[in-house]
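Since the structure comes first, as structure tokens, the remarks are kept for the end.
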Ligand code: C2E
Ligand code: CA
Ligand code: CA
């Protein structure tokens, strides 16, 4: 068999293998992927035409002239189509999948159309001698020129598009620089093969070159495995992101339908770390059985997402949700695990106009604990969008505040019934800039800061301000024995916290004994060994500890015995009900809490004391320290100094 035919058969084999692999895997309906399919088809057709034309040229005596010409026309036309499609492919790839306007598209096809014109009407010569056969003439020359134009155009695209679409940050080509090199390398190989063919003319290598180019593009850019999440057998996060962007670009209504697993940590504790993924995998398989044409994405660690294109399908899915049973088969044959889950649906672009907004909404839904009734469907509404926007605005203010250290610290004095003066104070953080959204409670922004990894910086800023203030005003000379500073749960288990805070104390020359670090009851229970370790280190320096919000967590008594606190702060929720409509039971609880803590030899601070009646009762029960609006609200530095001095003066008068 002729060597050229061998190359061509091999090339056909390569193309078929690529297509079988391509067809057997889940794909995204991206415009680049569709172009790739056309590119493949043109190559395949070109190979067949190549074989055909080779046959007709070598059998010119038995084949009619028109057939020989036709085969050459088909060959040159399809080869031209290939380069044109490759150009379009690179265009879509580099243009972040943006669609192309009709005039531009027309402009791009001009060289192709001219080449086709020559292919139809141009002159072609056939050269056959004892070394082999090939064609030449204007038809062939124009074809080569057209190919060269597209190759140059591809190179220009690669060098200029990058800046225009800011592709450095593109998710479609996250490594654009490498992608650019890849395409260029592919082109060089192709060009080299074409060049060899051009000069040797008898070696019909182009078939092999084309197949290799298709293979190269397939492996480098179109490999469907890039979009698969093998653990759950669904499409991965990147695929979701790309498709969502594509959906927004279409500017039509679509729905993001999420299935979110709840109580993931408890599932992991009870059933093993990988169980949530297994539940999601089985759930996705069940959904796929009902809706085989819908793509399912593993969009978040505990969420499966479907992008639904129309209301009708959405309604069908909603109707199906009740029948879905996501019980998950476990390793032991006859037990199945029933997970908690819920759904939420975002109508786009009504409630999320961009991919970023869709992510924010998704994040918001994930964090909103009110939306987790088992099996329930939640529709994203105006109200939720408002909450999401508020959160976003606060987050922007918070991030900016961290950058510019724009936090204030206010101080709430703590009254000592024994010393009859303000003996300490709690430092409370305030955000400086709240002009756009009004006052933002730390109860709102502190958890947000924890979630966003900003809390350590805020903690350091607050601590530095407190140290500076204490050193400047020499608070200890005003009868303030110590200042209470809140440590968030995240901070209290941060390995670097001791070093950070002790550095700040040294900088301002304030003795660590002047600080009581407040750790909430919940954090002290969740903190584990790291918390114990940090507390030990702080204690070695001389710091003390208060348990904050006693009565709001699980009040794990055995844990309380393990972790030692100098002070326990009774939460207002333990105190206020004692003065409500039905005070009998709350009083029993409060009394025994106070008795227990005092017997343990730990001091008590009562929080949220708002009336004289409350203060009196608590003092009678043996509570020494009181904090609340009745004594003083949290106030800025100057007012705090004033309040402390006033109380001191009163005490002197009474004495
Ligand atoms: P918390 O540690 O329990 O602080 C006491 C909260 O109760 C303060 O709210 C205070 O203004 C308020 N309060 C004091 N007396 C009364 C009263 O008589 N009646 C009522 N209704 N409220 C009273 P604030 O300043 O809004 O702080 C809320 C929470 O934010 C704090 O609760 C604390 O958990 C957190 N937080 C505040 N500052 C910081 C900080 O610097 N770091 C950390 N990690 N958390 C902070
Ligand atoms: Ca506190
Ligand atoms: Ca508290």
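The values are calculated or read from the model by the stated rules, or taken from the named source; none is laboratory data. In this text, all values refer to a predicted model and were calculated from it rather than measured experimentally. Quick reminder, even Gly has a Cβ in these numbers, built from the backbone with ideal geometry, and neighbours come from all protein chains shown.
Counting only residues that are within 16 Å of residue 460 (Cα to Cα) and within 16 Å of ligand 3 (Cβ to nearest atom), segment 499-544 holds 4 of them. Evaluating residue 265 against the criteria (1) under 25 Å from residue 25 (Cα atoms); (2) outside any strand (DSSP E or B); (3) modelled with pLDDT of 85 or more; (4) within 21 Å of the chain's Cα centre (by Cα) leaves one unmet condition, (1).
When 304, 219, 271, 247 are screened for being crowded, with 17+ Cβ neighbours inside 10 Å and farther than 26 Å from residue 356 by Cβ, only 271 passes.
How many residues are touching a helix residue (DSSP H, G or I) at 6+ places or on another chain (Cβ under 7 Å) and surrounded by fewer than 20 Cβ atoms within 10 Å (Cβ to Cβ) when one looks only at segment 408-420?
2
Considering segment 545-655, the qualifying helices (runs of 4 or more DSSP H), each wholly inside and each with 3 or more residues that are away from ligand 3 (no atom under 16 Å from the Cβ) and under 26 Å from residue 409 (Cα atoms), run over 637-654. Within segment 422-448, the set of residues being under 29 Å from residue 626 (Cβ atoms) and in a helix (DSSP H, G or I) comprises 442, 443, 444, 445, 446, 447.
Take the residues in segment 271-307 that are out of contact with any strand residue (DSSP E or B) (no Cβ under 8 Å at 6 or more places or on another chain) and in a helix (DSSP H, G or I); name whichever of them is nearest to residue 349 (Cα to Cα). Per the stated criteria, the residue is 290.
Every condition in (1) free of Cβ contacts under 8 Å to residues at least 40 places away in the same chain; (2) under 19 Å from residue 524 (Cα atoms); (3) more than 15 Å from ligand 1 (Cβ to nearest atom) is met by residue 585 except one, and the failing one is (2).
State yes or no: is residue 577 more than 16 Å from ligand 1 (Cβ to nearest atom), out of contact with any strand residue (DSSP E or B) (no Cβ under 9 Å at 6 or more places or on another chain) and over 25 Å from residue 469 (Cα atoms)? Here the answer is no, as residue 577 does not meet what is asked.
Here's the yes/no breakdown for (1) in contact (Cβ under 8 Å) with a residue 60 or more places away in the chain; (2) in a helix (DSSP H, G or I):
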{"residue": "17", "(1), (2)": "no, yes"}
{"residue": "39", "(1), (2)": "yes, yes"}
{"residue": "46", "(1), (2)": "yes, yes"}
{"residue": "61", "(1), (2)": "no, no"}
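Would you check which residues across segment 363-384 are in a helix (DSSP H, G or I), modelled with pLDDT of 90 or more and closer than 22 Å to residue 302 by Cα and list them? 384, the sole residue that qualifies.
Consider segment 591-612 and keep the residues that are within 16 Å of ligand 1 (Cβ to nearest atom) and surrounded by 12 or more Cβ atoms within 10 Å (Cβ to Cβ). The one that is farthest from residue 633 (Cα to Cα) is 604. Criterion applied to 547, 530, 535 was being more than 14 Å from ligand 1 (Cβ to nearest atom) and surrounded by 19 or more Cβ atoms within 10 Å (Cβ to Cβ), and the one residue passing it is 535.
On the stretch given as segment 596-612, residues that are modelled with pLDDT of 95 or more and more than 17 Å from residue 419 (Cα to Cα) total 6. Filtered by the rule that a residue be surrounded by 12 or more Cβ atoms within 10 Å (Cβ to Cβ) and within 19 Å of residue 580 (Cα to Cα), segment 617-654 gives 617, 618, 619, 621, 628, 629, 630. Is one or more of the residues making up segment 616-626 within 44 Å of the chain's Cα centre (by Cα) and more than 14 Å from residue 550 (Cα to Cα)? No; the residues of segment 616-626 include none that is within 44 Å of the chain's Cα centre (by Cα) and more than 14 Å from residue 550 (Cα to Cα). Collect the residues in segment 480-531 that are part of a helix (DSSP H, G or I), in contact with a strand residue (DSSP E or B) (Cβ under 6 Å, 6 or more places away or on another chain) and away from ligand 2 (no atom under 16 Å from the Cβ), keeping them in residue-number order. The one that is part of a helix (DSSP H, G or I), in contact with a strand residue (DSSP E or B) (Cβ under 6 Å, 6 or more places away or on another chain) and away from ligand 2 (no atom under 16 Å from the Cβ): 514. Taking each residue of segment 514-533 that is closer than 17 Å to residue 544 by Cβ and looking for partners that are away from ligand 1 (no atom under 11 Å from the Cβ) and outside any strand (DSSP E or B) with beta-carbon atoms closer than 6 Å, six or more apart or interchain, yields 515/543; 517/543; 521/553; 524/563; 527/493; 531/493.
Of all residue pairs spaced 6 or more apart or on separate chains, those with beta-carbon atoms under 7 Å, a first member in segment 254-268 that is without any contact (Cβ under 8 Å) to a residue 60 or more places away in the chain and a second member that is outside any helix (DSSP H, G or I) are 264/302.
Mind listing just one residue for me: the one in segment 425-447 that is within 12 Å of ligand 2 (Cβ to nearest atom) and surrounded by 14 or more Cβ atoms within 10 Å (Cβ to Cβ) and, of those, nearest to the chain's Cα centre (by Cα)? The qualifying residue nearest to the chain's Cα centre (by Cα) is 446.
In the list 56, 35, which residue meets the criterion of being part of a helix (DSSP H, G or I) and free of Cβ contacts under 8 Å to residues at least 24 places away in the same chain?
Working: 35 fails: free of Cβ contacts under 8 Å to residues at least 24 places away in the same chain.
The conditions single out 56.
The listed residues are 546, 558, 592, and the only one of them that is more than 20 Å from residue 428 (Cα to Cα) and under 39 Å from the mean Cα position of the chain (by Cα) turns out to be 558. Screening 450, 426 for residues that are within 14 Å of ligand 1 (Cβ to nearest atom) and over 30 Å from residue 342 (Cβ atoms) leaves exactly one candidate, 426. Taking the options 240, 254, 326, name whichever one is at pLDDT 90 or above and in contact with a helix residue (DSSP H, G or I) (Cβ under 7 Å, 6 or more places away or on another chain). After applying the criteria, what remains is 254. In segment 462-489, of all residues being within 9 Å of ligand 1 (Cβ to nearest atom) and at pLDDT 95 or above, the one that is surrounded by the fewest Cβ atoms within 10 Å (Cβ to Cβ) corresponds to 462.
Say whether the condition of being under 30 Å from residue 640 (Cα atoms), buried (at least 18 other Cβ atoms within 10 Å of the Cβ) and in contact (Cβ under 8 Å) with a residue 12 or more places away in the chain is met by at least one residue in segment 374-387. Checking segment 374-387: not a single residue is under 30 Å from residue 640 (Cα atoms), buried (at least 18 other Cβ atoms within 10 Å of the Cβ) and in contact (Cβ under 8 Å) with a residue 12 or more places away in the chain.
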